[in-house]
Amino acid sequence: MPLPNERATLHIPDATPIVHATRVTRGTDQHPLILEELRAGADRTQLAYRLTADSPRTLRAV
């Protein structure tokens with residue numbers, strides 16, 4: 001649920017949940033370069049992701 005300042009900034013009613021997406025872009029050495037945060041009212045948001053299997057990757061804990 002949004003904080004009071006998020007409700008005011010996003011112009012959403014009190015009982016409207018928000019979508020909070022966080023993305024970290026890493027360099028070739030795996031050090032973080034960019035942190036992006038997106039907050040939007042869940043009642044007017046649709047997320048879509050394109051997943052591609054370009055090359056096999058090893059899973060690692062974040």
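Near residue 18, the amide H atoms lying under 5 Å from its own belong to 42; only residues 5 or more places off or on other chains count, and H is placed 1.01 Å from N. Surface analysis of the range 1-50 yields an accessible area of 84 Å² per residue, using protein heavy atoms and a 1.4 Å probe.
The values are calculated or read from the model by the stated rules, or taken from the named source; none is laboratory data. This one's a predicted model, so the numbers in the text were calculated from it and none came from an experiment. We work out accessible area using only protein heavy atoms, side chains counted, and drop any ligands, DNA or RNA first. Shrake-Rupley method; radii C 1.70, N 1.55, O 1.52, S 1.80 Å.
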